[in-house]
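Please read the structure below before turning to the comments.
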Amino acid sequence: MQVMKWSVIALAVAAGTSQMAVASSQSESNGFIEDSSFNIFNRVLYMNRDFRNGGGNIPTVDSDGDNVRDSQFKKGYREETGLGIRLLYESGFTQGTVGVGVDAHSLSSIKLDSGRGRHSNGLFATTDEGRGDDTQTEVGGAVKFRISDTVLKYGNQMTASPVFSTDDSRILPEVATGTLITSNEIEGLELTAGRFTALNDQVQTYNDSLGLKEINIVGASYSFTDNFSGALHASDADDLYRKYYGNLNYNMPFSEEQALNLDFNIYKTKYDKGYVESYTTVTDDDDNVTEAGVRESRDNTIWSLAAAYSIGAHTFTLAHQRSSGDDGYRYGEDGGGTIWLANSVQFSDFNGKDERSWQARYDIDMASYGVPGLSFMTRYITGDNIDVGTDKDAKEHELNIEAKYVIQEGAAKDLSFRIRNAFYRANESYTGDVNDFRLIVEYPLSVL
């Protein structure tokens with residue numbers, strides 16, 4: 001509650017104290033062109049998913065059991081490679097009390113390898129022939145204004161709010177359209193508020209491909225000390241739900257090379273009036289069709305607590321996550337990255353109805369052993385007590401193994417190679433088994 005109290009104080013002080021702008025970001029502006037930047041971000045992603053029991057590859061059938069169309073995924077296997085190129089321009093702000101600037105981007109994907117029988121890993125849009133689209137390009141931009149240390153941005157943008165976070169897990173990111181205000185008038189305190197009316201999928205270029213009507217968000221994060229911070233965020237998505245998020249993060253340093261970090265995250269999702277309406281079509285003997293309304297409560301609370309102990313190059317993490325309520329935690333319409341929880345990992349998010357999950361993780365940074373830029377990570381997560389209707393105790397397990405290397409100097413400085421491997425197992429009543437392998441090569445270039 002202290003975070004909300006500080007938020008009110010901050011708004012009052014920011015509105016009533018003109019002296020706060022003396023040493024603000026806007027007062028130190030060098031100009032529209034002088035502070036501008038232009039970056040090119042390249043990502044190559046190779047990804048395959050092996051559905052061990054063929055669960056992701058079942059063809060559509062009619063009531064007689066005959067195939068309506070051939071299965072897209074004939075062998076229980078999806079494999080694709082693509083290149084994403086992002087051109088990102090950010091201007092500075094004009095000088096004066098109110099600074100004005102613009103941001104612009106171009107997002108392009110190029111299919112390097114795919115096929116109708118191996119398509120649908122979420123890398124490319126699907127053509128009418130059921131194949132991955134060869135090329136896609138999306139352009140967008142935003143206008144921005146700055147007063148003191150408060151920035152208002154309107155247009156196309158990528159967001160990173162716990163209650164509205166655009167996904168960047170494939171070749172290109174999701175893109176939102178709307179207004180976002182970010183204020184840093186008081187040191188250590190950040191206030192955000194926004195309204196968004198469209199959200200593009202990672203593989204679509206037309207406006208609002210995810211069908212978001214409207215979402216309003218507010219948030220506050222505050223650093224109480226150098227080692228203790230908290231945050232409160234909320235969103236109201238039209239025709240979807242209201243979502244509340246809280247975070248507490250505490251770091252306890254024991255020495256220069258030893259520390260313990262505690263991170264707590266919680267979401268509470270409430271549907272309008274506590275239910276959503278679905279309809280069942282009923283046809284009587286006279287062929288009269290009616291729709292019977294059904295009210296289903298979908299409220300959910302989910303939280304996670306992670307403890308990470310670091311000593312030198314090593315970090316050991318234990319985490320617990322628990323979901324409760326009328327349904328599992330739902331996200332996606334409010335951004336595919338809107339799940340800031342400890343057990344949201346490579347394949348599964350361990351967010352089923354009534355699910356309880358535990359994680360054990362180990363990280364090592366090889367810089368301490370003479371190989372700067374090289375790191376490894378492995379983690380194991382197990383979840384149980386999942387209510388899927390027919391099974392009240394469904395289970396899932398996931399093992400992740402990762403390695404990453406970043407070139408430290410020379411012409412290829414910052415070029416990185418990353419391998420992500422996930423082995424996922426679950427009851428057939430839940431999802432079935434999957435092996436997920438990804439090779440990611442990224443190369444950022446700073447032109448300006």
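The values are calculated or read from the model by the stated rules, or taken from the named source; none is laboratory data. Just so you know, these numbers come straight off a predicted model, no measurement behind them. Cβ sites come from the backbone with ideal geometry, for glycine too, and all protein chains shown count toward neighbours.
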(message) SER429 - would you say it is hydroxyl-bearing (Ser, Thr, Tyr) and modelled with pLDDT of 95 or more?
(response) no
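May I ask you to say which residue of SER348, SER368, SER375 is in a helix (DSSP H, G or I) and not basic (Lys, Arg)?
Details: SER348 fails: in a helix (DSSP H, G or I); SER375 fails: in a helix (DSSP H, G or I).
Residue meeting the stated conditions: SER368.
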(message) For PHE196, only one of the following conditions fails: (1) out of contact with any Pro (no Cβ under 9 Å at 6 or more places or on another chain); (2) more than 17 Å from MET158 (Cβ to Cβ); (3) not polar (S, T, N, Q); (4) not in a loop (DSSP other than H, G, I, E, B). What is its number?
(response) (2)
(message) Among (1) more than 16 Å from GLY332 (Cβ to Cβ); (2) surrounded by fewer than 19 Cβ atoms within 10 Å (Cβ to Cβ), there is one condition ALA220 misses while meeting the rest; what is its number?
(response) (2)
(request) Identify all residues within segment 237-249 that are in contact with a helix residue (DSSP H, G or I) (Cβ under 9 Å, 6 or more places away or on another chain), assigned to a strand (DSSP E or B) and either touching a residue at least 40 places away in the same chain (Cβ under 8 Å) or surrounded by 19 or more Cβ atoms within 10 Å (Cβ to Cβ) (or both); write none if there are none. (result) TYR241
(request) Examine segment 386-399 for a residue that is polar (S, T, N, Q) and in contact with a Lys or Arg (Cβ under 6 Å, 6 or more places away or on another chain), and state whether such a residue exists. (result) no
(request) Return a yes/no flag: does segment 395-409 have any residue that is of a type in the set (A, V, I, L, M), modelled with pLDDT of 95 or more and farther than 21 Å from LEU318 by Cα. (result) yes
(request) Take ASN288 and decide whether it is at pLDDT 95 or above and not hydrophobic (A, V, I, L, M, F, W, C). (result) no
(message) On the basis of being within 20 Å of ALA198 (Cβ to Cβ), touching a residue at least 40 places away in the same chain (Cβ under 8 Å), within 24 Å of the chain's Cα centre (by Cα) and surrounded by 19 or more Cβ atoms within 10 Å (Cβ to Cβ), does HIS119 make the cut?
(response) no
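Quick one: is TYR241 in contact with a Leu (Cβ under 6 Å, 6 or more places away or on another chain) and hydroxyl-bearing (Ser, Thr, Tyr)?
no
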(request) Within segment 223-236, track down each residue that is among the hydroxyl-bearing types (Ser, Thr, Tyr) and surrounded by 14 or more Cβ atoms within 10 Å (Cβ to Cβ). (result) SER223, SER229, SER235
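Return the residue satisfying two criteria in turn: it lies in segment 21-42 and is of a type in the set (Asp, Glu) and either surrounded by 14 or more Cβ atoms within 10 Å (Cβ to Cβ) or outside any loop (DSSP other than H, G, I, E, B) (or both), and of such residues it is modelled with the highest pLDDT. Spell out the reasoning first.
If we filter segment 21-42 for residues that are of a type in the set (Asp, Glu), which is where we start, we get 28, 34-35.
This time we only want the ones that are either surrounded by 14 or more Cβ atoms within 10 Å (Cβ to Cβ) or outside any loop (DSSP other than H, G, I, E, B) (or both), so: 28, 35.
Working: GLU28: 90, ASP35: 94.
Within segment 21-42, the match that is modelled with the highest pLDDT is ASP35.
Any residue that is in a strand (DSSP E or B), at pLDDT 90 or above and touching a helix residue (DSSP H, G or I) at 6+ places or on another chain (Cβ under 6 Å) - is there at least one of those in segment 298-310?
no
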